[in-house]
Amino acid sequence: MIGHYDLTLVALSYLVAILAAYSALYFGSQLAALTGAKNRLWLCLGALTMGSGIWVMHFVGMRAYIMPVAMTYDLGLTVISWFAAVLSSALALYMISKKNIHGLQLATASVVMGGGIALMHYLGMDAMQMSKELVYDPLIFVVSIGIAIGASGAALGICRYLQDRTGSKATALQIVASLVMGAAICGMHYTGMAAVTIPVGARPDPTNLLSGDWLGLPLAVATMLLIAMVLLASLMDYKKREAAVQQAEAAEARLRELAFVDSVTGLPNRSALEKHLLDQIIQHESTDTSFGVIYLDMANYRSIESALSDDTLVLIASRLKDIVGRKVYLARYSASGFMVVINDPENSQHAPMYQTLRQLQEQITPDGVTVHWQAGRSAFPQTGRSSRMLVRVAMKTGDLRHIGSFNDLESAFANPMSAPLTA
């Protein structure tokens with residue numbers, strides 16, 4: 001029996017196939033990141049949208065074939081063909097969602113999915129019960145199954161590729177892959193249609209309960225709306241999960257940051273200083289250059305501790321930051337002490353900073369408390385090649401007038417345990 005195709009419905013069948021393919025790629029790429037009940041929920045929704053989309057595409061494609069007689073279907077076989085599409089989609093998505101999958105498992109999943117598509121197609125063809133048996137061309141029949149398996153393998157391979165990828169590039173790849181896979185699904189269908197011959201004089205079985213008209217445009221529109229709603233829901237869920245992940249990462253980063261920040265002044269703390277000194281030692285050992293360390297100590301801290309507020313400590317830290325400038329590293333080493341790390345300490349560009357630090361002497365805080373400052377210094381490599389030794393030597397405090405004088409350190413600290421420098 002000779003018929004012809006309605007190209008509008010052919011285009012509609014391709015659109016449905018694209019949506020089904022996109023849902024397959026989207027859910028397949030997301031399942032590996034989900035666990036527990038949510039994984040099972042999205043697996044079911046993915047199988048439902050993907051299987052239903054492929055199934056509807058078949059019947060829209062059938063409706064696109066205009067024959068001299070009305071096209072009707074057996075209800076039972078039509079429902080079974082839908083189950084075949086959904087179950088094969090579920091099995092394929094389940095296999096591809098595993099964390100570790102090798103080539104044989106991917107090939108098996110491709111055969112399951114492709115075989116399910118082909119089974120759905122030929123069950124749907126068989127549901128078109130007629131007075132005479134349909135006749136199939138064996139070669140084209142086999143080719144159509146091969147197309148279904150090949151398209152499924154490509155889709156599942158892309159799913160695996162996209163599982164660890166996000167952003168606009170991954171979305172663009174999903175869209176392109178959906179266009180290709182949709183064309184392959186349609187290719188399988190229309191190749192399968194080419195494999196069948198409807199005998200002349202064949203008539204639909206009068207017991208068929210489903211009309212081809214209802215399995216065309218109305219079902220296509222309803223299914224596309226279903227797929228769109230499910231994809232929208234899954235996208236919203238994905239955005240929610242991404243936001244949660246970003247919040248967790250931000251919180252973790254904040255905790256890591258707090259581990260290296262003094263909670264009162266906001267300056268780097270002792271741990272951060274230790275890390276910075278180690279980095280400086282590695283850098284200056286490789287370049288055979290030096291750096292200096294200055295320890296600024298509130299000598300009368302114990303007697304004024306109760307009178308110092310956090311706000312005052314913040315002001316003191318801010319004042320020291322203004323003195324040393326942005327290019328010099330300043331850390332709060334202890335409750336009473338601050339450490340300054342200076343590259344090329346004998347460089348004349350540091351002279352104004354040294355001069356200002358020497359003038360700290362006795363400072364009156366906003367609380368009306370007088371702070372007595374003392375200072376010590378050390379230099380790499382003259383007084384030590386380890387962070388511990390550099391800190392230990394710098395903490396031998398004395399008169400502020402020694403700040404900026406690093407040339408005499410090698411002789412003054414030939415014995416690192418010697419007495420502190422004094423005025």
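The values are calculated or read from the model by the stated rules, or taken from the named source; none is laboratory data. These numbers come from a predicted model, not from an experiment. Backbone-built Cβ (ideal geometry, glycine too); neighbour counts: all protein chains shown. SASA here: full protein model, heavy atoms, side chains in, ligands and nucleic acids out. Shrake-Rupley method; radii C 1.70, N 1.55, O 1.52, S 1.80 Å.
Taking the criterion of being surrounded by fewer than 23 Cβ atoms within 10 Å (Cβ to Cβ) and within 13 Å of S88 (Cα to Cα), the residues of segment 29-65 that qualify are L43, C44, L48. Take L330 and decide whether it is surrounded by 12 or more Cβ atoms within 10 Å (Cβ to Cβ), in contact (Cβ under 8 Å) with a residue 40 or more places away in the chain and touching a Lys or Arg at 6+ places or on another chain (Cβ under 9 Å). Taking the combined requirement at face value, the residue satisfies it. Taking segment 89-140 as the range and being in a loop (DSSP other than H, G, I, E, B), aliphatic (A, V, I, L, M) and closer than 30 Å to M67 by Cβ as the test, the residues that pass are A127, M128, L134.
Does L313 satisfy the criteria of being touching a Ser or Thr at 6+ places or on another chain (Cβ under 8 Å) and surrounded by 13 or more Cβ atoms within 10 Å (Cβ to Cβ)? It is true that L313 is touching a Ser or Thr at 6+ places or on another chain (Cβ under 8 Å) and surrounded by 13 or more Cβ atoms within 10 Å (Cβ to Cβ).
Do the conditions hold for S81, that is, is it farther than 26 Å from I198 by Cβ, surrounded by 21 or more Cβ atoms within 10 Å (Cβ to Cβ) and at pLDDT 80 or above? So S81 does not fit the description; no. With the condition kept exactly as written, say whether any residue in segment 6-26 is open to solvent by 40 Å² or more (accessible area, probe 1.4 Å), in contact (Cβ under 8 Å) with a residue 60 or more places away in the chain and more than 25 Å from A154 (Cα to Cα). Yes, segment 6-26 contains at least one residue that is open to solvent by 40 Å² or more (accessible area, probe 1.4 Å), in contact (Cβ under 8 Å) with a residue 60 or more places away in the chain and more than 25 Å from A154 (Cα to Cα).
When segment 374-392 is examined, which residues are found to be closer than 12 Å to H284 by Cβ, open to solvent by 50 Å² or more (accessible area, probe 1.4 Å) and in contact with a Phe, Trp or Tyr (Cβ under 9 Å, 6 or more places away or on another chain)? Of everything in segment 374-392, just one residue is closer than 12 Å to H284 by Cβ, open to solvent by 50 Å² or more (accessible area, probe 1.4 Å) and in contact with a Phe, Trp or Tyr (Cβ under 9 Å, 6 or more places away or on another chain), namely Q382. Scanning segment 264-281 turns up at least one residue that is surrounded by 13 or more Cβ atoms within 10 Å (Cβ to Cβ), outside any helix (DSSP H, G or I) and of a type in the set (V, I, T).
For segment 338-373, filtering for residues that are open to solvent by 70 Å² or more (accessible area, probe 1.4 Å) and on the phi > 0 side of the Ramachandran plot leaves 2.
State the number of residues belonging to segment 306-330 that are more than 21 Å from Q382 (Cβ to Cβ) and part of a strand (DSSP E or B). Of the residues in that region, 1 qualify.
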